[in-house]
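Novice: This is the structure I want to talk about, given as structure tokens.
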Amino acid sequence: MTPTLTENRTEAELLTDRSELRRQIEDVVNTTPVIDVHTHVFPPEFDSMFRFGIDELLTYHYLIVETFRSSDVSYDHFWQMTRAEQADLVWKSLFVENTPLSEAARGVVSVLDAFGLDPRAPDLSAAREFFRDQNPNEHLDRVLEMACLKDVVMTNDPFDEQEVGLWDSGANPDRRFHASLRLDGLLNDWQGAARRLARQGISVDAGLGRATIDKVRNFLDAWIQRMNPVYMAVSLPDDFKFPDTDSRDRLIREVVLPTARAHGLAFVLMVGVRRAVNPVLRMAGDGMGHADMSALERMCAQNPDVRFLATYLSRENQHELCVSARKFRNLMPFGCWWFLNNPSLASEITRQRLELLGPGFIPQHSDARVLEHLIYKWRHWRPVFIESMFEAYDRLLGSGRPVSRNEIIRDVERMFIGNFREWIGRGA
Ligand code: FIX
Ligand code: ZN
């Protein structure tokens with residue numbers, strides 16, 4: 001759908017009227033497809049890993065946490081419930097007995113509204129019936145169009161037995177879904193990885209001898225061959241150090257970085273998560289902490305020929321990340337990750353990045369886990385981005401340089417698609 005122009009204006013005409021400037025920004029941002037560079041969503045070809053519908057939406061770990069704060073259900077009782085029973089309780093606790101004010105709860109309201117379903121319904125019967133009637137592939141097409149998405153990058157774990165089984169059975173993802181090779185299992189739990197490799201018939205020694213290093217490289221080469229990933233990625237704790245003296249440091253130096261070079265793959269670092277600070281919450285039990293940015297700076301400095309994408313979980317790391325990206329041209333900041341993916345913080349982060357990096361960053365990713373998350377995560381974020389872009393262009397206008405519609409299109413396409421494509425070495 002080509003963006004519209006108001007009457008008697010040309011693409012190149014300079015936008016000196018502020019309300020027209022805002023209209024043009026809204027039009028371009030709302031109609032420019034984006035590549036969602038990090039999600040946990042899978043296409044229908046991945047069978048049970050393809051999650052969609054109201055029960056999946058309501059049992060999202062963001063909402064489970066909030067339900068425990070708004071109900072007196074015990075943890076044990078909750079985890080013994082069926083998914084439908086859990087969804088009923090989440091709905092009752094957050095949407096009926098309380099006002100869905102949180103970003104995650106408002107997200108469900110936006111999804112229901114997008115499909116013409118009643119966000120004030122007393123129960124889930126109508127919503128369940130609606131999603132039950134959806135044809136998976138048609139529903140996928142519709143959701144990608146509603147979210148105005150070009151492509152989606154998955155999170156693919158070579159140690160997830162269910163997923164490995166799907167790749168083994170020749171699962172061939174929809175062409176709009178791109179794989180990424182997730183290395184948490186390898187880098188954050190080497191002892192466990194050694195056991196899992198053994199289960200896949202690859203015997204390694206926990207001491208990371210030469211032969212083991214070669215075997216792990218071969219393991220990654222084989223998965224890169226299979227998945228054709230757009231990048232390798234890992235999430236790291238807030239106390240991540242580089243250099244360090246542990247197996248993770250050796251695996252990064254002797255396996256991951258050489259593999260990145262050999263395949264021309266970027267390395268994605270998601271830094272600042274404290275896993276399982278409250279284990280009874282299961283996947284919902286992760287926390288965060290402020291990280292030492294110098295670890296990433298040293299990695300960028302010591303590996304100028306490797307491209308890094310980085311996102312940090314702590315608000316206090318955001319300004320530092322902008323400054324580090326000014327110092328290292330092989331570093332691309334991306335997204336407002338997880339606890340930062342809220343309008344107030346996403347606005348602060350985006351404006352800061354525009355002021356320090358111009359259009360040289362990837363403004364957002366959804367981290368969607370359920371298909372319909374793609375609708376609300378992007379519909380909630382685009383108005384935030386429009387405000388930030390208007391502020392930047394309006395200041396430029398005030399300084400004496402109005403922009404044209406073409407320039408807005410160029411800048412938005414660079415941030416939505418171009419920067420990522422360049423970084424993963426798959427040109428525009
Ligand atoms: O490490 C990650 O990719 C995180 O995004 C997830 O672990 C987290 O559970 C999540 O879904 C955040 O939005
Ligand atoms: Zn994620």
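Each row is one residue, and each column tells you yes or no for (1) farther than 23 Å from LYS150 by Cβ; (2) away from ligand 1 (no atom under 16 Å from the Cβ); (3) modelled with pLDDT of 95 or more.
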residue	(1), (2), (3)
SER48	yes, yes, no
TYR60	yes, no, yes
ILE64	yes, no, yes
SER74	yes, yes, yes
MET81	yes, yes, yes
ALA84	yes, yes, yes
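Yes/no per residue for (1) within 16 Å of ligand 1 (Cβ to nearest atom); (2) in contact with a helix residue (DSSP H, G or I) (Cβ under 7 Å, 6 or more places away or on another chain):
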| residue | (1), (2) |
| --- | --- |
| HIS77 | no, no |
| ALA104 | yes, yes |
| LEU117 | no, yes |
| ARG120 | no, no |
| LEU124 | no, yes |
| ARG142 | no, no |
| THR155 | yes, no |
| PHE159 | yes, yes |
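Novice: Assess whether PRO173 counts as being surrounded by 17 or more Cβ atoms within 10 Å (Cβ to Cβ), more than 16 Å from ligand 1 (Cβ to nearest atom) and under 20 Å from the mean Cα position of the chain (by Cα).
Specialist: In short, yes.
Novice: Select from the stretch 267-281 the residues that are within 16 Å of ligand 2 (Cβ to nearest atom) and farther than 20 Å from PHE420 by Cβ and write down the one among them that is surrounded by the most Cβ atoms within 10 Å (Cβ to Cβ).
Specialist: Among those that are within 16 Å of ligand 2 (Cβ to nearest atom) and farther than 20 Å from PHE420 by Cβ, it is GLY272.
Novice: I would also like to ask the following. Could you figure out which of (1) free of Cβ contacts under 8 Å to residues at least 60 places away in the same chain; (2) within 16 Å of ligand 2 (Cβ to nearest atom) isn't true of GLY335?
Specialist: (1)
Novice: Between a residue in the stretch 18-45 that is more than 15 Å from ILE408 (Cβ to Cβ) and any residue that is modelled with pLDDT under 95 and buried (at least 16 other Cβ atoms within 10 Å of the Cβ), which pairs come within a Cβ distance under 6 Å, given they are 6 or more apart or on different chains?
Specialist: From the stretch 18-45, the pairs are PRO43/PRO173; GLU45/PRO173.
Novice: I'm told VAL255 meets every condition in (1) in contact with a Lys or Arg (Cβ under 9 Å, 6 or more places away or on another chain); (2) surrounded by fewer than 20 Cβ atoms within 10 Å (Cβ to Cβ) except one. Can you identify the failing condition by its number?
Specialist: That leaves (2) as the condition not met.
Novice: Is at least one residue of the stretch 311-319 at negative phi, away from ligand 2 (no atom under 16 Å from the Cβ), touching a residue at least 60 places away in the same chain (Cβ under 8 Å) and of a type outside the set (A, V, I, L, M, F, W, C)?
Specialist: no
Novice: While we're looking at this one, here's another question. Would you confirm whether any residue within the stretch 77-84 is free of Cβ contacts under 8 Å to residues at least 40 places away in the same chain, part of a helix (DSSP H, G or I), closer than 24 Å to PRO122 by Cβ and among the polar types (S, T, N, Q)?
Specialist: Scanning the stretch 77-84 turns up no residue that is free of Cβ contacts under 8 Å to residues at least 40 places away in the same chain, part of a helix (DSSP H, G or I), closer than 24 Å to PRO122 by Cβ and among the polar types (S, T, N, Q).
Novice: Right, another one. Any residue in the stretch 227-247 that's aromatic (Phe, Trp, Tyr): show its pairings with residues that are away from ligand 1 (no atom under 16 Å from the Cβ) and assigned to a loop (DSSP other than H, G, I, E, B) at Cβ separation under 8 Å, as long as the two are six or more apart or on different chains.
Specialist: So the pair list comes out as TYR231/LEU265; TYR231/ILE424; PHE240/ASP292.
Novice: So which of ASP88, ASP123 is more than 26 Å from the chain's Cα centre (by Cα), in a loop (DSSP other than H, G, I, E, B) and within 12 Å of ILE54 (Cβ to Cβ)?
Specialist: ASP123
The values are calculated or read from the model by the stated rules, or taken from the named source; none is laboratory data. Because the structure is a prediction, the values reported are computed rather than measured. For neighbour counting, all protein chains shown are included, and Cβ atoms are generated from backbone atoms with ideal geometry for every residue, glycine included.
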